[in-house]
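Here, each number is a calculation from the coordinates, and none is a lab measurement. Just so we're clear, the structure is a prediction, and the values are computed from it rather than from any experiment. In this analysis, Cβ positions are derived from the backbone assuming ideal geometry, glycine residues included, and neighbour counts consider all displayed protein chains.
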Amino acid sequence: MCTLEKRGSIFFLTLTGDDDHRFNPTVIGSILSALRQAKSEATRGSVLITTSQGKFFSNGFDLAWAQAAGSPSKSLERLSHMVSLFKPVVAELISLPMPTIAAVQGHAAAAGFLFALSHDYFLMRSDRGVLYMSEVDIGLSLPDYFVSTFRAKLGSVIALRDVLLRGEKVKAGDAVRLGIVDEAHRDEKSLAEAAIGLGEKLGARKWKGDVYKEIRKSLYPELCETLGLGAEKVNSSL
Ligand SMILES: CCCCCCCCCCCCC/C=C/C(=O)SCCNC(=O)CCNC(=O)[C@H](O)C(C)(C)COP(=O)(O)OP(=O)(O)OC[C@H]1O[C@@H](n2cnc3c(N)ncnc32)[C@H](O)[C@@H]1OP(=O)(O)O
């Protein structure tokens, strides 16, 4: 499950527990509620930092839950259901009226990688954890919003190929080199310190949340179309 706590101007969304933080309908629902709570409480200077406890940031959708459906067709229905449920999570992050930071302290695979990548800033520890899009290895196609997010966020065709078409397990140093991750930090403590430091620096700018989110959305027109996010009126003021 996840928790949301506010310390100063920073909202901390944490996937709790020492499991691999698989996304099933219950977990997805709790993440969505947390994001909507942060949105409702947002003020100028608010920032979101998302992290997890333990060895995993998230290992993606809960395939065991899908496979427990009792038949291949029902398993696919459950998987398709998770795909549909998770799309609003990405949409909330892309339209959240505050800067967002993913502090990835462990493995981020498949939908877990997508979750991290849906944040504005992506920080990772370098001593543990890999980024891995396993779909090509496990024979699953990629939903449209997965592809749109990666195409929006990864500027390099080499990175897109290595991650999505080659299923590379990418460590932090290589992820920085490929332009996937902003910063690699030697361990969990320095990662947390860096994420909070960045959050405080961004929060101090006191940006207007509705302007911030509309500028963010304007950067990713294909992704916003896939997510069904239209442009919204901004109350600009001088
Ligand atoms: C109605 C029907 C309509 C049809 C609809 C159909 C729908 C179709 C759409 C399908 C949906 C597609 C989208 C799917 C999304 C999903 O999320 S599906 C779920 C996918 N998830 C997975 O596949 C899980 C993938 N995870 C893994 O494979 C592993 O967990 C892992 C991430 C690779 C981690 O493996 P693990 O063995 O646990 O790793 P470790 O033991 O921690 O590490 C391995 C070794 O590497 C060393 N290491 C780790 N990190 C580092 C580092 N940063 N630096 C150095 N070394 C590192 C670690 O120490 C280990 O080394 P050894 O100890 O020496 O082995």
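Assorted remarks:
- Percentage relative contact order, the range 20-96, counting C-alpha pairs under 8 Å, at least six apart: 47
- Charge dipole of the range 14-162 (Cα centre as origin; +1 on each Lys and Arg Cβ, -1 on each Asp and Glu Cβ, all else neutral): 260 debye, rounded to the nearest 20.
- Alpha-carbon centroid distance for the pair the range 40-64 / the range 161-209, whole angstrom: 13
- In plain terms, the chain from Lys55 to Arg151 could stretch by 31.8 nm, reckoned as 0.36 nm per residue minus the Cα-Cα distance.
- Counting 0.36 nm for each residue step from Glu5 to Ser33 and taking away their Cα separation leaves a gain of 8.8 nm.
- Electrostatic tally near Ala69: other residues with Cβ closer than 14 Å to its Cβ, Lys and Arg +1, Asp and Glu -1, net 0.
- Ranking Leu154, Gly173, Val89 by how far each Cα lies toward the positive end of the dipole of the range 83-181 (charges on Cβ) leaves Gly173 at the top.
- With a simple spin-label model that places each label point 7 Å from the Cα along the Cα-to-Cβ direction, the separation between Asp210 and Ser141 comes to 4.0 nm.
- Residue exposure sequence - Arg7, Arg177, Arg151, Arg22 - by fewest surrounding Cβ within 10 Å: Arg7, Arg177, Arg151, Arg22
- Degrees, to the nearest 10: 188-203 long Cα axis against longest axis of the chain: 40
- In the range 92-238, a dipole from Cβ-located charges (positive for Lys and Arg, negative for Asp and Glu) runs towards its positive end, and of Val163, Phe115, Ala195 it is Ala195 whose Cα lies farthest in that direction.
- About the centre of its Cα atoms, the range 127-201 shows a dipole size close to 180 debye [charges on the beta carbon of Lys, Arg (+1) and Asp, Glu (-1) only; nearest 20 debye].
- Per residue, the average separation of C-alpha pairs within less than 8 Å and at least 6 apart gives the chain a relative contact order of 21 percent.
- One quarter of the surface of the convex hull around the alpha-carbon atoms of the range 1-151 equals 8.8 nm², the direction-averaged projected area.
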